[in-house]
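Notes to accompany the following structure.
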């Protein structure tokens, strides 16, 4: 399924993934229980959190032994692979297995999350929202399928119904070959480059970066500000 696509060995010292700050907030239930009840709260969260279930026994297409432990921000690495859209595809992953999507610069990341959030708001019938994101900076290295000179590849088609199935087939083939991921030109930011890591262990040295706020107020494009 790789169809002669180039495979390169690359090391990216600094990539950026934007994560909604809602994912960094403590459980709202903690304000409702005392210290004596924190153990019970942990049990409740463990029974309902997809990430914790994945870490304990795996879920669908993600095995527990693939996930990472004892490294900074392991929670966010594991969450990226534990959570996926339940009935829909992303460009290089489908239901049952997530992936770590990142860009080489924050402008590319902002274009990507802004586009997808605008699309979501359109489906929801609203044009007002405020979403805060935090940069998760990571290094990525290893062997990758390289689509940087293949903008015509089917997986990069701007129509998701055409591009996403092809992207998922390519990701499956890359994983079967043991490759760490795919490097590809951003579909949302003309000069940008994105990387998708297909394995948790491929995401290294994660650190927190800047915060950003995207505000939609009756316009298709959000207002972007560093906070």
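What follows is calculated from the coordinates using simple rules that are stated; it is not laboratory data. In this text the structure is predicted, and so the values were computed from the model without any measurement. Positions of Cβ are generated from backbone atoms using ideal geometry, with glycine treated the same way; all protein chains shown enter the neighbour counts.
Data overview
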| read-out | value |
| --- | --- |
| Anisotropy class of segment 114-227 from Cα gyration tensor, a/c 1.5 cut | oblate |
| Part-to-part distance (alpha-carbon centres) for segment 162-227 and segment 118-159, which is given in Å | 4 |
| Tensor-based shape of the chain (alpha-carbon gyration tensor, a/c under 1.5 rounded, otherwise prolate or oblate) | oblate |
| Normalised contact order of the chain, rounded percent, pairs of Cα under 8 Å and 6 or more residues apart | 28 |
| Residue order, fewest to most surrounding Cβ atoms within 10 angstrom, among 188, 194 | 188, 194 |
| Efficiency of FRET from Cβ geometry, residue 151 and residue 220, R₀ 22 Å, rounded to 0.05 | 0.35 |
| Shape category assigned to segment 60-153 from the gyration tensor of Cα positions, a/c cut at 1.5 | rounded |
| Burial order of peptide ranges 7-15, 133-141 (average beta-carbon count within 10 Å, highest first) | 133-141, 7-15 |
| Residue 176 paired with residue 85, simple spin-label distance in nm, labels 7 Å along Cα-to-beta-carbon | 2.4 |
